[in-house]
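Notes follow the structure.
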Amino acid sequence: MSDHFIQDTVLEVFYALHSHPELSYEEYETTDLIRSTLRRSGIDILNLPLKTGLVAAVGHGDRVIAVRADIDALPIEENTDLSYRSIYSGKMHACGHDFHAAAILGTALLLKEQESSLKGLVKIIFQPAEEAPGGAGSVIETGVLDDVKTIFGIHTSPAFDTGTVALREGATHAAVDRFRIVFRGKGTHAAHPNLGNDPFIIAANFITAVQTVVSRNSDPFATNLISIGHVEGGKTWNVIPEEVLLEGTIRSMNDKDRKLCQDRVMKLAHSIAAAFNGMADVEWLIGIPAISNDKELTDFAREIALCEGFKVESAPRSLGGEDFALYEQKIKGTFIQIGSGKGLPLHNPGFIADPQAIYPASVYMAHLAAQALEHFYDFN
Ligand code: NI
């Protein structure tokens, strides 16, 4: 198999995936295409209880590292003029996961070429459902990571030109928690508020007070955020309802801040409700932790990127979440951003990733994996 052939295969897979986007846990065609392309090159696919997505393995021995791509698309109507745009209405690869899958597939093929000289085993993870909760968790639950020492993940970045790699040690993406609060009062005629207990007053005081958690309770040098995205209550103009529903999110970059924000939201909800003789029911949906990139592994990835001729930038931080954090909770890892041409942001209906950026990412990740087995594994 020539490098030219691998490059063509990577591009073909990218165009096919981009035009056939599938949502989280529905990545059947996507998984079939990845599986058949790997099998054609004689690459082993591990037998795991995954409905969609798969894990391939190249190399041998008990020195094991992993490389991860996610593969799912978003429920967005694509708005581009690309010849290979989505043929499914309301679905689009607007977060570049088609890029990741194609690039890492290329990495698998390149590693297969040098399999006999590899100093260990590389598990290549094609993860389902990054956009829905649970994708990384479903891979971890299979136990496939139990013998893995380190993991690398990639993501396209429209903040950087093609030919750029962006890295950063520590936290780059936030922990994502969600809360749902029902403030309960007592319904009454709008003209007789004294006969009831207005839940809007409780909710309004909470909405204002909750912003003091970031401005007054957390360290001014820390990065935390609390946003409320959903308030619902009442049906008509002249009735004070029984209750008001409110939903929001906390974003934080470490466990300490995360707990502080959770505790304060809880305390404010209950104490403000109590101050107005009402009640608060608080429900939590504890989400993914913050990304925490290992320093030495990040330095190592930087060295290899420079070696491959990439321009290396410092990765921006985001209060968005990324479930690669779940792998890093278990083993050392670093999440690598690959410049895919400056343009519209991720999750935008006009997002375009430069196809020319894909194969260099395949080559870089193959080099990084091989070098990590040889030079990083025993020393760190
Ligand atoms: Ni993404």
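Axis of helix 28-40 versus longest Cα principal axis of the chain: the two differ by about 20°, to the nearest ten degrees.
The distance from the alpha carbon centre of the stretch 69-84 to that of the stretch 288-312 is 27 Å, rounded to a whole number. Over the Cα atoms of the chain, the radius of gyration divided by the Kirkwood radius equals 1.06; this is the Rg/Rh ratio.
With +1 on each Lys and Arg Cβ and -1 on each Asp and Glu Cβ, how big is the dipole of the chain about its Cα centre, in debye rounded to the nearest 20? Walk me through the numbers before you get to the answer.
On the way: 32 positive and 49 negative charges, 201 e Å.
For this selection, approximately 960 debye.
Could you pull the accessible area for Glu113 with a 1.4 Å probe, rounded to 10 Å²? Answer for Glu113: close to 90 Å² accessible.
Show me the ranking of peptides 352-363, 95-106 by mean Cβ neighbours inside 10 Å, starting with the highest.
Details: 352-363: 21.7, 95-106: 28.5.
Top to bottom by mean Cβ count within 10 Å: 95-106, 352-363.
Result for the chain in a Gaussian network model with C-alpha springs under 10 Å: among Thr107, Thr223, Thr31, the largest mean-square fluctuation is at Thr223.
Please get the size of the charge dipole for the stretch 175-285, origin at its Cα centre, with Cβ charges of +1 on Lys and Arg and -1 on Asp and Glu, quoted in debye to the nearest 20. Mind showing how you got there, number by number?
On the way: 12 positive and 12 negative charges, 32 e Å.
Taking the Cα centre of the stretch 175-285 as origin, the dipole is about 160 debye.
Order Met266, Met365, most accessible first, counting only protein heavy atoms with a 1.4 angstrom probe.
Values: Met266 70, Met365 0 Å².
Per-residue accessible area, sorted high to low, gives Met266, Met365.
Note that the chain presents 44 Å² accessible area per residue, ligands and nucleic acids not counted, probe 1.4 Å. When each of the peptides 232-244, 144-156, 53-65 is scored by the mean number of other C-beta atoms lying within 10 Å of its residues, the order from highest to lowest reads 144-156, 53-65, 232-244. Summing charges over all other residues whose Cβ lies under 14 Å from the Cβ of Gln114, with Lys and Arg as +1 and Asp and Glu as -1, gives -2. Rolling a 1.4 Å probe across all protein chains gives Ser83 an accessible area of roughly 120 Å².
What is the calculated FRET efficiency for Cys307 to Glu283, with r their C-beta to C-beta distance and R₀ = 35 Å, to the nearest 0.05?
Details: r = 49 Å, r/R0 = 1.41.
Efficiency for this residue pair is about 0.10.
Protection proxy ranking for 329-337, 38-46, using the average of other Cβ atoms within 10 Å per residue and placing the highest first: 329-337, 38-46.
Considering the convex hull of the alpha carbon atoms of the stretch 175-285, report its projected area averaged over all viewing directions, in nm², one decimal.
Numbers: hull surface 26.6 nm².
Its average projected convex-hull area is 6.7 nm².
Among the lysines in the stretch 175-285, how many pairs, 8 or more places apart or on different chains, have alpha carbons under 25 Å apart?
Working: Lys186/Lys235; Lys186/Lys267; Lys256/Lys267; Lys259/Lys267.
For the stretch 175-285, the number of qualifying lysine pairs is 4.
With distances taken between every two different alpha-carbon atoms, the stretch 207-272 has a Kirkwood hydrodynamic radius of 13.2 Å. Across the options Asn277, His60, Val214, the greatest Cα extent toward the positive end of the charge dipole of the chain (unit charges at beta carbon of Lys, Arg, Asp, Glu) belongs to Asn277. The angle between the Cα long axis of helix 199-210 and the main principal axis of the chain comes to about 50°, on a 0 to 90 degree scale. Size descriptors for the stretch 285-362 (Cα atoms only): Rg and Dmax, in that order, 14.3, 43 Å.
By how many degrees, between 0 and 90 and to the nearest 10, does the Cα long axis of helix 255-275 differ from the longest principal axis of the chain? That works out to roughly 20 degrees. Using C-alpha pairs under 8 Å with a sequence gap of at least 6, the mean separation divided by the residue count of the chain gives a relative contact order of 24 percent. By the helix-only formula, in which each DSSP H run with n ≥ 4 contributes -39500 (n - 2.57) and the sum is divided by residues, the chain has a 222 nm mean residue ellipticity of -10000 deg cm²/dmol.
Spin-label pair Asp299-Glu232: with each label point 7 Å from Cα along the Cα-Cβ axis, the two points sit 5.1 nm from one another.
The values are calculated or read from the model by the stated rules, or taken from the named source; none is laboratory data. Bear in mind that the values here come from a model prediction, so they are computed numbers and not experimental data. Cβ atoms come from the backbone with ideal geometry, glycine included; neighbour counts cover every protein chain shown. Protein only, heavy atoms only, side chains kept; ligands, DNA and RNA dropped before computing areas. Shrake-Rupley method; radii C 1.70, N 1.55, O 1.52, S 1.80 Å.
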